Amino acid sequence: MGRNVIHVGRDLSYRVMGRNIIYVGRDLDATVTKGQRERLAKEHGIKGEPSLCRVNSINYANCTPWEWMHLFLKNIIPQLVDLWIGCYKMLDTSVKLKITAQEINDLEQWFAEWVREFERYYYQFKEDRLAVCTLLIHGCLHVAKDLHMCGPAWVHWTFYVEQYCLHLRTGLRSRRHPWSGLSRVVLYTAYLSQLSVKIIGGGDSIRTRYALRGMSNAKYHDNSFVRVKSQSVDVIGYGQLDKILICEIGEHKIYRFLCNTTLILTLITPCNTDGTDASISLVGYKEFVTPVFTDVRNIKAVVGRGKSHLIPPSPSKMTSQTASTSLSTQNT
């Protein structure tokens with residue numbers, strides 16, 4: 001058996017990534033017929049030269065780190081579970097808020113040793129076991145370098161982007177015009193984030209929790225906590241207004257008397273107050289309970305909020321008036 005060679009730690013060779021992509025892109029541009037272009041694109045998996053290739057200051061080898069979620073949570077850890085092992089104490093270091101150069105060096109040595117042990121246990125340097133040596137296992141050797149160049153894993157992981165992409169998928173209804181659907185999702189999400197509630201008859205203005213995000217705390221007070229009283233159940237509750245949803249009901253007979261109507265619903269995360277009325281006695285709360293949907297007309301007033309208690313509105317504000325809604329900017 002020949003000598004087994006493994007590049008570890010800072011001995012890894014980093015290529016100036018992008019050369020092959022650029023060459024293939026130029027070959028695609030030089031094709032004469034559509035068929036030639038399609039065959040070349042299918043062979044290389046590239047449809048053209050990326051726009052960012054024109055930015056010469058970008059070093060792709062150093063600016064595109066291995067993504068933490070996909071490298072570990074979706075690939076290596078499940079693979080190790082399949083192989084009946086789990087030894088990942090050093091992963092806590094990579095996700096720390098702050099990380100020192102010495103900690104990165106220690107992590108580099110740990111990963112190098114871990115890859116050696118992985119190959120010794122599972123690969124065993126046998127050709128028929130080569131399938132366990134996936135690209136992601138090799139990716140572990142690049143983690144320390146990525147931390148040096150790009151910072152801790154939380155700086156560049158994709159949890160938020162993945163969640164946002166999942167939200168955008170709700171707009172993909174058409175195969176022919178996917179972009180128009182995505183644009184509507186972005187636009188309507190912006191509308192909903194700015195939707196406010198106004199109690200008629202000189203009552204309170206209420207913003208959703210999502211509309212308050214990004215506002216300066218010095219300029220705007222938190223008016224997302226509300227007093228709720230159902231028209232059908234004589235119970236007073238308090239909670240935080242998360243979202244306002246406009247539901248247009250269709251013509252199907254299943255909707256009965258709601259056919260061709262528009263419902264304005266609110267998503268509220270209730271405070272656990274056991275039905276106590278804050279206008280009668282001090283109401284404290286330590287936790288929230290499961291969010292609920294309710295009619296916007298069940299919102300009666302804005303309430304103030306201390307660290308662990310609720311401040312009721314003035315008696316003049318606690319009327320039986322219903323709420324109306326309107327699209328507004330965040331400055332209203």
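What the table shows:
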read-out	value
Two-site FRET efficiency, residue 136 against residue 263, from Cβ-Cβ distance with R₀ of 45 Å, rounded to 0.05	0.40
Simple label model, 7 Å out from Cα along Cβ direction - residue 128 to residue 31, nm	4.2
Packing-based order for 115-122, 287-294, using average beta carbon neighbours within 10 Å, highest first	115-122, 287-294
Flagged links, alpha-carbon separation over 22 Å, of 198/253; 243/300; 42/74; 96/145; 98/145; 198/300	198/253; 42/74
Distance (nanometres) between label positions extended 7 Å along Cα→Cβ at residue 167 and residue 293	1.8
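Where a number appears in this text, it was derived from the coordinates with a stated rule and is not lab data. No experiment lies behind these values; they were computed from the predicted model shown. For neighbour counting, all protein chains shown are included, and Cβ atoms are generated from backbone atoms with ideal geometry for every residue, glycine included.
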